[in-house]
Amino acid sequence: MKKNFLSKGIDILTRRQSNILSAAFVIMGTVVLSQILGLFKKRLLITLFGASVTTGVYDVAYKFPDLLFQLVIASALSSAFIPVFSDMLAKNKEKEAHRMASNFLTLGIIAFFLFSLLLSIFAPFFLQLFNPGGGFTPADMMLMTNLLRIIIFGQLLIVIGTFFTAVLQSYNHFFIPGFALSLYNLGIIVGLVTLSPFIGIYSCAVGTIIGALFFILFQLPMVRKVGFRFKFSVSLKNSGVLTIAHLLWTRTISNAVFQMGTFLMISLVDF
């Protein structure tokens, strides 16, 4: 009886959302859960380290890796990859779609890694842009640099998790990726609770890596269930990748303008 109940419950959670209403309801529910965990994470940070460290040093250290992720990966997945991948699935070209997806993920990881390497090396210079009035001390700037270099590794894992989300959403699976994103905040909370007595504010940066691993691992069984198997592939001549590149450049430019505008406002107003 219990096994049947558990089996039915799992089946409901892993079932495809066949209409817009059910998909919207699932997305709304998982977004609310993620926001609640995010709020709890923020309150825990402030409780442990104070508002000045949380809204200052840590938030600034997080902004650059997140900006890089938004420009390099998020735009490509939302505006180009999902439409192209879904169209290939609709045309019964699943194997071709999976080859394209492996190629795209490989190129995305390489691109993000190279940009991340540059950001890590020149982190002190970029972070100084957030300190026009000299509000942060040299010790604050050093701490920011160290946090950024840890967080950016977590963002590299987030690239993989977000790609899994795009694949599952293309197959009309919304609960698993939505709930997995909530686990990202949970991972940061776990890092704070377990590691803060030993490594202080660095526990939050390490928590981003834990959360990113939760994000990936929770989606992995469903990704395998839909048949996707990652195969390392680098080809700039893949037709699907070329289509994505064609769709992407205008979206990337508009997103870059928006992100940089937000970036400059925060830099000039807050500091």
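The values are calculated or read from the model by the stated rules, or taken from the named source; none is laboratory data. Not measured: the values here are computed from a predicted model. Cβ coordinates were reconstructed from backbone atoms using ideal geometry, including for glycine residues, and neighbour counts include every protein chain displayed. For accessibility, only protein heavy atoms count, side chains too; no ligands or nucleic acids. Shrake-Rupley method; radii C 1.70, N 1.55, O 1.52, S 1.80 Å.
Okay, residues lined up against (1) surrounded by fewer than 24 Cβ atoms within 10 Å (Cβ to Cβ); (2) in contact (Cβ under 8 Å) with a residue 60 or more places away in the chain; (3) over 15 Å from the mean Cα position of the chain (by Cα):
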site	(1), (2), (3)
MET144	no, yes, yes
ILE152	no, yes, no
GLY178	yes, yes, no
VAL190	yes, no, yes
ILE201	yes, yes, yes
When you scan the stretch 72-86, how many residues do you find that are open to solvent by 10 Å² or more (accessible area, probe 1.4 Å) and at pLDDT 90 or above?
4
Under 9 Å between Cβ atoms, at least 6 apart or on separate chains: pull out the pairs that start in the stretch 230-241 with a residue that is within 9 Å of PHE104 (Cα to Cα) and end on any residue that is among the hydroxyl-bearing types (Ser, Thr, Tyr) and at pLDDT below 90.
VAL241/SER235
Regarding GLY108, is this residue within 19 Å of the chain's Cα centre (by Cα) and either over 26 Å from SER52 (Cβ atoms) or modelled with pLDDT of 95 or more (or both)?
yes
If we keep only residues of the stretch 216-229 that are in contact (Cβ under 8 Å) with a residue 24 or more places away in the chain and assigned to a helix (DSSP H, G or I), then the residue most open to solvent (accessible area, probe 1.4 Å) is LYS225
Please find, within the stretch 96-128, the residue that is least open to solvent (accessible area, probe 1.4 Å) out of those that are within 20 Å of PHE163 (Cβ to Cβ) and among the β-branched types (Val, Ile, Thr).
THR106
I'd like to know if the stretch 231-251 contains one or more residues that are within 19 Å of the chain's Cα centre (by Cα), at pLDDT below 90 and open to solvent by 40 Å² or more (accessible area, probe 1.4 Å).
yes
What's the number of the only condition in (1) at pLDDT 95 or above; (2) open to solvent by less than 10 Å² (accessible area, probe 1.4 Å) that LEU213 fails to meet?
(2)
